[in-house]
1. Could you order peptides B:58-68, A:365-375, A:151-161 by the average number of other Cβ atoms within 10 Å of their residues, highest first?
2. Can you compute the FRET efficiency between A:ARG270 and A:ASN353 using 1/(1 + (r/R0)^6), with r the Cβ-Cβ distance and R0 = 22 Å? Round to the nearest 0.05.
3. Under a point spin-label approximation (7 Å from Cα along Cα-to-Cβ), what is the A:ALA364-B:GLU8 distance to one decimal in nm?
4. Check each residue of segment B:22-58 and keep those whose accessible area, probe 1.4 Å, is at least 40 Å² smaller with all protein chains in place than in the chain alone; give them in order of residue number.
5. What distance in nm separates the two pseudo spin-label positions at B:LYS55 and A:ASP83, each 7 Å out from Cα along the beta-carbon direction?
6. Let me know the charge dipole size of the protein assembly as shown about its Cα centre in debye, to the nearest 20, where only the beta-carbon of Lys, Arg (+1) and Asp, Glu (-1) is charged.
7. For segment A:111-247, just say rounded, prolate or oblate: build the C-alpha gyration tensor, square-root its eigenvalues into a ≥ b ≥ c, call rounded for a/c under 1.5, and beyond that prolate if a/b exceeds b/c, oblate if not.
8. Using mean Cβ contacts within 10 Å as the protection proxy, how do A:252-258, A:98-104 order, highest first?
Amino acid sequence: MAAEIVVLGGGVGGVLTANLIARKIPRTAARVRLVDTTGLHVYQPGFLYVATGAVNGGSLARDVRSLLRDDVDLVVDEAVGIDAAAGKIELAREGVVGYDYLVLATGSHLDLDQVPGLRDGAQHFYSLAGAERLREALRTFTGGRLVVGVAGMPYKCPPAPVEFAFLAEDLLRRRGVRAATTIDFLSPLNRAFTIESASRLVEPIFVERGIAMHTFVNIESVDPVARRLTSLEGEEFGYDLAVLVPPHKGADVVVSSGLTGGGQWVPVDRGSLLVEGQANVWALGDATNLPISKAGSTAHFEAPVIAEQIAALVGHRPARPVHSRYEGKVMCFLETGRGKATMMRFDYDHPPNPPRPSRFWHLAKLAFNRAYWFTVPQGRF
Amino acid sequence: MATTINQEIDARGSFCPGPLMEMIRAIRESSVGQTVAVLSKDPGSRTDIPAWVAKARHEMVAIEDLDGYTRFVVTKAR
Ligand SMILES: Cc1cc2nc3c(=O)[nH]c(=O)nc-3n(C[C@H](O)[C@H](O)[C@H](O)COP(=O)(O)OP(=O)(O)OC[C@H]3O[C@@H](n4cnc5c(N)ncnc54)[C@H](O)[C@@H]3O)c2cc1C
């Protein structure tokens, strides 16, 4: 009997895993089904460029079907329950679906109501609608206090607020309103963002661009009327335009299934990505509790590890060791403004050593954004 | 007199900035006067946690070096 493989989530982690599994296993040996609520695959790194006016939002979403191999079945439906003990998931419309192997790639989601006042008092670029609204706010900004910060940890793409600060500084300069604007960057940590070596690289650039960095600012509340942020550490910051990364949470279906043990993120083994306590359920991408960057590239490097383990189990063969362990590999670009960028490549044991910002890495990031659709989801990169 | 610990969090499996974020979360959820302990194996915690406690004006009760890890004890002061 053919094995039933279900992949939950049609983002970068889910689409790539489903395609890699189908490539490794003949259709007669397994049926691969991918379930996604919207049936749309959204390229979230593009939101940054929507906010700064460089990219049109319409180009960032594609039909999941167009990215999947023909031998992967797409089910456009919302998973509302997971019963791991029984090997079943429940879909909102299609009812109960059984599985032999399950992959959770349900991502991370914005929780705008976790910080009082955030929804009405601040802007963000962490959804398409948010990025489009922020683009308008930046287009009509005539100067004043721009504050960029983080309203909850962890959040996806740790360098994104730093990149936004640099790109917004460029934009305001081009618009002729930079002289009338102060820019404050509020970090919840005692450096620019999680990664130490890259923080050391960007902090002098903040100084060069006249962006004031404030450390240990964990936003507790936003007062939309007085336009003031209050931090848990007891500081207050007035603003005219506040751009805050919203707190993130796990997908409701995963949290309510009990697989997260009451938290938001699915605990997984750092090497195999098997969900703790499960023998046939894996998780990848933003959904896991791994203490590494929540990034598309993380999911990208994790997907082959899960595909190899499932293919080995279905094929009754041992998994190839080097292909079935995740070593914590992540690769990210980091825009530093003025048409330049740097790049970080790291894993569990090796922190990144980012090169001096250059035009090359900026162009590489733009080229990657375009090539994405034809390479990453299909496993060609 | 030994301080009563209201909550102890084992963050030894997590590394930078995990233990600090655990401390921040626990202090945020505590009431004034309550004490939290966080266990960390991450060397960065030795600078990060005391620096955060000083900035946020809480009380650093103890930093104990134990068998391959450090225990940070903090009382919420305001
Ligand atoms: C502004 C911004 C900039 C970024 N920049 C970068 C960058 O430069 N480089 C980088 O590597 N990463 C970047 N990222 C992060 C990257 O987009 C995410 O880390 C990545 O998308 C995570 O992939 P995923 O597959 O885990 O989740 P997602 O891509 O978020 O996909 C999750 C999918 O699960 C589906 N789903 C959720 N719940 C259910 C359910 N109950 N039933 C069915 N389907 C469900 C959703 O519909 C969604 O399609 C950025 C993110 C943002 C917001």
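The values are calculated or read from the model by the stated rules, or taken from the named source; none is laboratory data. Predicted model only: the values in this text are computed from it and were never measured. As a convention, Cβ positions derive from the backbone with ideal geometry for all residues, glycine included, and neighbour counts pool all protein chains shown. The protein model used for the area step is the full one, side chains on, heavy atoms only, and it has no ligands, DNA or RNA in it. Shrake-Rupley method; radii C 1.70, N 1.55, O 1.52, S 1.80 Å.
1. Ranked from most to least packed, the peptides come out as A:151-161, A:365-375, B:58-68.
2. 0.50
3. Between A:ALA364 and B:GLU8, the simple spin-label model gives 4.7 nm.
4. Residues passing the criterion (a loss of at least 40 Å², heavy atoms only) are B:ARG28, B:ASP48, B:TRP52, B:LYS55.
5. With each label point 7 Å from Cα toward Cβ, the separation is 4.8 nm.
6. With Lys and Arg at +1 and Asp and Glu at -1, about 1620 debye.
7. Cα axes put segment A:111-247 in the rounded bin.
8. Going by the mean number of other Cβ atoms within 10 Å, highest first, we get A:98-104, A:252-258.
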